[in-house]
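Data first, discussion second: the structure below is written as structure tokens.
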Amino acid sequence: ATPTAIMVGTGLGAKRGVLFKNASALEASARIDTVVMDKTGTLTKGEPAVTDVIVDGIDDVDLLALVSAVERESEHPLARAIVSHATSAGAPVLTATGFRNVPGRGATATVDGRRVLVGNRRLMADEGVELGNLAARRDELAASGRTAVVVAVDGRAAGVVALADAARDTSSAAVAAMRGSGIQVVMLTGDNEATARRIADQLGIDTVIAEVLPGDKAARVAELQASGRRVAMVGDGVNDAPALARADIGIAIGAGTDVAIETADIVLMRSDPLDVPVALRIGKGTLRKMR
Ligand code: ADP
Ligand code: MG
């Protein structure tokens, strides 16, 4: 593109808080045919809240005391939501020892002499925990779009804590705008398949890549590229940074982590998903002016 076209495009973007870090970001935006969007914190607000606590053979406040002791040691957004729910429910504060984070799966620690595991089905399977009576409730909660976290105490499934994270107000409009201009929209998430699928349906997204481990997001982007797609990746988290770097264009949500913002080619200062199609349109406009 000509220097003038680039200046105009950059200026148009800046007015809306769409920051193009360099001229090649502007030019590459014009050629994107696939937009991969992280779920948590990108399509959703990234502020999960506990909606249900299901218990089996334990009092729910006791369960919350054990879980929150583990989660107090974790930085995960789900962990913070569980701790705050436990506090409002009046659960006593217990001390956890030997805390261990299991990326993409959950966390574990010893609380009051009991070994507490908190996380997804994969974590339970790895540790040989059977869901038993709780399996059906877990599946229902996941199918309703909630993130269902299983809690095991001394190797026995004792409860499920379900969390919901509301979609951003403009997520479905952003998806519709992109699909309307012939762009394929893909949801990429570490969350489980049923939860992701339900939220994707609500937003009009038909392609879902779920249960992706934090270190594998970039590889999934690379696979799409290998199949001939020109990919923009939109994300907010530390987990997303390698995928943002790998994509033809990395787009960071302004409210996201510093690492995502530093890695991205474009930053959406208003954290509005609708600014994704806006950025791509500005790119196209810039390219047109160059012809
Ligand atoms: P996302 O891409 O949705 O942020 P992560 O890779 O961080 O996902 O985590 C994937 C899944 O692992 C979560 O949906 C959750 O089920 C489980 N998980 C990870 N960390 C925790 C934790 N501290 N407490 C409970 N569950 C967790
Ligand atoms: Mg995220």
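Would you mind stating whether Ala243 is within 16 Å of ligand 1 (Cβ to nearest atom), in contact with a Leu (Cβ under 9 Å, 6 or more places away or on another chain) and assigned to a helix (DSSP H, G or I)?
yes
How many residues are within 14 Å of ligand 2 (Cβ to nearest atom), modelled with pLDDT under 95 and not acidic (Asp, Glu) when one looks only at the stretch 184-194?
1
What residue, of Val185, Val212, is open to solvent by less than 40 Å² (accessible area, probe 1.4 Å) and within 26 Å of Lys284 (Cα to Cα)?
Val185
Check whether at least one residue in the stretch 17-27 is touching a helix residue (DSSP H, G or I) at 6+ places or on another chain (Cβ under 6 Å), among the small types (Gly, Ala, Ser) and buried (at least 20 other Cβ atoms within 10 Å of the Cβ), and report yes or no.
Looking for residues that are touching a helix residue (DSSP H, G or I) at 6+ places or on another chain (Cβ under 6 Å), among the small types (Gly, Ala, Ser) and buried (at least 20 other Cβ atoms within 10 Å of the Cβ), one finds none in the stretch 17-27, hence no.
Out of (1) in contact (Cβ under 8 Å) with a residue 12 or more places away in the chain; (2) over 28 Å from Arg122 (Cβ atoms), the odd one out for Gly228 is which?
(1)
Could you tell me whether Ala96 is within 16 Å of ligand 2 (Cβ to nearest atom) and on the phi < 0 side of the Ramachandran plot?
Working: within 16 Å of ligand 2 (Cβ to nearest atom): no; on the phi < 0 side of the Ramachandran plot: yes.
Against the criterion (within 16 Å of ligand 2 (Cβ to nearest atom) and on the phi < 0 side of the Ramachandran plot), Ala96 does not qualify.
In the stretch 198-209, is there at least one residue being surrounded by 18 or more Cβ atoms within 10 Å (Cβ to Cβ) and modelled with pLDDT under 95?
For the stretch 198-209, residues surrounded by 18 or more Cβ atoms within 10 Å (Cβ to Cβ) and modelled with pLDDT under 95: absent.
Could you list, in sequence order, all residues of the stretch 97-125 that are surrounded by 14 or more Cβ atoms within 10 Å (Cβ to Cβ) and assigned to a helix (DSSP H, G or I)?
Across the stretch 97-125, the qualifying residues are Arg121, Arg122, Leu123, Met124.
The values are calculated or read from the model by the stated rules, or taken from the named source; none is laboratory data. In this text the structure is predicted, and so the values were computed from the model without any measurement. Glycine gets a Cβ as well: all are built from the backbone with ideal geometry, and neighbour counts include every protein chain shown. Ligands, DNA and RNA are excluded from the accessible area calculation, which covers all protein heavy atoms including side chains. Shrake-Rupley method; radii C 1.70, N 1.55, O 1.52, S 1.80 Å.
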